[in-house]
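J.: Have a look at the structure that comes next, please.
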Amino acid sequence: EGGAAPVGRPMVPNVVGLSESAAKDALDAAGLDSTIEYVAGDPSQVFLVVEQSPEAPTEVDEGSVVMMRIVKYAAPPPLATGVSMPDLVGRTAWQAEDLLTSIGLRANPILLDNPSVPALRVFAQQLPVGSLVANGTSVTYRVSRPAPPTPTVVVPNLYQRTVASAMSLAAQAGVSITIVEVSTNSYPAWRVFSQSLAAYSVVPAGTNVIARIAKPSGGAGTTIVPDLSGKSAAEATSLLVTAGLSVNLIEVFAPGNPPLKVFAQFPAATSQVAIGTLVQAKIAKLSSGWKVVPALFGLTKAQAVAKLSLAGLSANAVDVANPTKPVGKVFWQNAVAGSTKPAGSMITFHVAKPAVVSVPYLIGLSSAQAAQALVTNGLDWKKSYKMPPAPSPFGKVFEQSIGAGALVVPGTQVEYFLPSGGLPPAVALVPNLIGKSKAAAAIIANSAGFVTNVVEVVGPAPWGFVYFQSPSFGSPANVGATITIHVRKAGLVPLTVAVPNLIGLTGAQAAAALAAVGLGSNGSVDFNLTKPLHKVYSQNYNVGTLVSLGTVIKWKRNP
């Protein structure tokens, strides 16, 4: 009675999630004492209260002790080896992966929609630029997903692709992709070794393709690292897989080392390592002075010549009778596909020609038409004059030495006869064929009494129209003469091409060989007693010389 009012017992406040100092202040304000136990925990909760006893809200006596558990700081272990994190933003997905691989890191790209960033460009990365990371660390970065294509798409070939390359190809093709890592040392490490849908099959856009990536796995025991020096990528991969090891091949510019061959490796040859260890091998990139020989088997002569030209190599086509091979297709080449040769080197290949050919019907044709028909059928020709048994049109064939339809060996000479004496050859003015389609030009030329020789040259649109003719419009020429016309066709336009070998070809074959590589033809007839008849014996550029596309090559042949 008349004394101070009794004071209630304090309530324990909730200090979980507070820092050590903030928790102590809260407990002091409640009239409570505290004790601390430091425990290991998530690094993101360092110095924060993660547990308290008694829990809140509990009524206790004033001055009671509240025990708090606080996550202690643990310094990360020092890195044995490490590399500085590069800047990936703005690079293509492939560039980012190549850069990470070259410094011993692994790429983990994630495709996300980002209309403000060009397709397949990196716009964010997981680790800050310049931070030190351990060798082999998987680095996540975000790549802008391209817009979806047409309703149906073609499944790309993902075999031997890296994760970033496979994801980028799938995005460009319009299919989704699921990457599944499979522990195996039977395939090159971190490369696709199977896909759920066959390459080049047509599927609806957005279809999911499962790609399995070989993840190197260590096994019991050790193995010896083989010597990869001088080996190709395929040979090095085979040696390492056989030894139970994984492989990471890195292409670098290394002048002075054989192109496309291993010149350095880590771990070193003969090292004893655990089964499944990843072995890095550096392969010298192909320098501008060397070219890769393409595969020519099964191509036509024109396709093979064009392919060699695009590869920076010269072509030497040889027609060989071989009844066991497809007629008109390449069945042998003197340099193995995939091997390297100095730029401009000549590659010889054999094209199968039929064992026998049929002699065409020549009666009623002009001299030029008869010669062209024989050459087209792989036959040689000889023009002669004699008196016909009955009146015959001047300048037209009235007899041939081998009857039409006869089967003869390719290269057989067929003689045809024109009427001797009579009137001189008729002369007409060459019509204007510029701007006409190939078919229209042939009709106009034939109507005027001329024959066309079409040369198709790779060039810009419009395609299929005449842009050059020889002889020129309005010039006089013998009726039956040939007008050479150049028509542009679609195709990959190289900056320079190698001059092919024309020696020994007929005029039509020389023009076709030049047209196949995008060069112009300017042939002339000049008699030479020491050279074969009807064949080219001179050209103004040496074989293999690199010239600009469209360059006109001059050549001479015997009549």
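The values are calculated or read from the model by the stated rules, or taken from the named source; none is laboratory data. It should be emphasised that the depicted structure is a prediction, and the values quoted were computed from it without experimental measurement. No Cβ is skipped: glycine too gets one built from the backbone with ideal geometry, and neighbour counts run over all protein chains shown. Surface accessibility is based on the protein's heavy atoms, side chains included, excluding ligands, DNA and RNA. Shrake-Rupley method; radii C 1.70, N 1.55, O 1.52, S 1.80 Å.
J.: Conditions first: (1) closer than 22 Å to S521 by Cα; (2) more than 45 Å from the chain's Cα centre (by Cα). P393 passes all but one, so which condition is the exception?
T.: All conditions are met except number (1).
J.: Could you grab me the full set of residues in the stretch 157-175 that are farther than 11 Å from G206 by Cα, in a loop (DSSP other than H, G, I, E, B) and either open to solvent by less than 20 Å² (accessible area, probe 1.4 Å) or hydroxyl-bearing (S, T, Y) (or both)?
T.: L158, Y159, T162, listed by residue number.
J.: Looking at (1) among the polar types (S, T, N, Q); (2) farther than 27 Å from V547 by Cα; (3) touching a residue at least 40 places away in the same chain (Cβ under 8 Å), can you tell me which one T496 breaks?
T.: Only one criterion is unmet by T496, namely (2).
J.: Right, another one. Please name all residue pairs, on different chains or six or more residues apart, with Cβ atoms under 7 Å, provided the first residue is in the stretch 361-372 and is of a type in the set (D, E, K, R) and the second residue is open to solvent by 30 Å² or more (accessible area, probe 1.4 Å) and part of a helix (DSSP H, G or I).
T.: That search, which allows pairs on different chains as well, returns nothing.
J.: Additional query: Which is surrounded by fewer than 11 Cβ atoms within 10 Å (Cβ to Cβ), at pLDDT 85 or above and polar (S, T, N, Q), of S44, S53, S84, S64?
T.: S84 is the lone residue from the list that is surrounded by fewer than 11 Cβ atoms within 10 Å (Cβ to Cβ), at pLDDT 85 or above and polar (S, T, N, Q).
J.: Hey, another quick one. Sort through V457, V466 and tell me the only one that's under 30 Å from K291 (Cα atoms), out of contact with any Asp or Glu (no Cβ under 7 Å at 6 or more places or on another chain) and buried (at least 20 other Cβ atoms within 10 Å of the Cβ).
T.: Result: V457 is the single residue among V457, V466 that is under 30 Å from K291 (Cα atoms), out of contact with any Asp or Glu (no Cβ under 7 Å at 6 or more places or on another chain) and buried (at least 20 other Cβ atoms within 10 Å of the Cβ).
J.: While we're here: Among P326, P354, which is the only one that is farther than 28 Å from N558 by Cβ and either modelled with pLDDT under 85 or open to solvent by 30 Å² or more (accessible area, probe 1.4 Å) (or both)?
T.: Exactly one residue qualifies, and that residue is P326.
J.: Pick from L549, L533: which is surrounded by fewer than 16 Cβ atoms within 10 Å (Cβ to Cβ) and touching a residue at least 12 places away in the same chain (Cβ under 8 Å)?
T.: Result of the check over L549, L533: L533.
J.: Against the condition at pLDDT 80 or above, more than 23 Å from N542 (Cβ to Cβ), touching a helix residue (DSSP H, G or I) at 6+ places or on another chain (Cβ under 8 Å) and surrounded by 14 or more Cβ atoms within 10 Å (Cβ to Cβ), how does A481 come out, does it pass?
T.: So A481 fits the description; yes.
J.: OK, next. Has the stretch 301-308 got at least one residue that is part of a loop (DSSP other than H, G, I, E, B) and at pLDDT 85 or above?
T.: No.
J.: Take L313 and tell me if it is touching a residue at least 40 places away in the same chain (Cβ under 8 Å), touching a Phe, Trp or Tyr at 6+ places or on another chain (Cβ under 8 Å), crowded, with 16+ Cβ neighbours inside 10 Å and of a type in the set (A, V, I, L, M).
T.: Here the answer is no, as L313 does not meet what is asked.
J.: May I pose another question? Filter the stretch 252-288 down to residues that are more than 30 Å from V182 (Cβ to Cβ), outside any loop (DSSP other than H, G, I, E, B) and open to solvent by 50 Å² or more (accessible area, probe 1.4 Å), then give me how many there are.
T.: 1
J.: Also, I was wondering about something else. Of A134, A93, A119, which residue is crowded, with 16+ Cβ neighbours inside 10 Å, of a type in the set (A, V, I, L, M) and within 21 Å of N248 (Cβ to Cβ)?
T.: Result: A93 is the single residue among A134, A93, A119 that is crowded, with 16+ Cβ neighbours inside 10 Å, of a type in the set (A, V, I, L, M) and within 21 Å of N248 (Cβ to Cβ).
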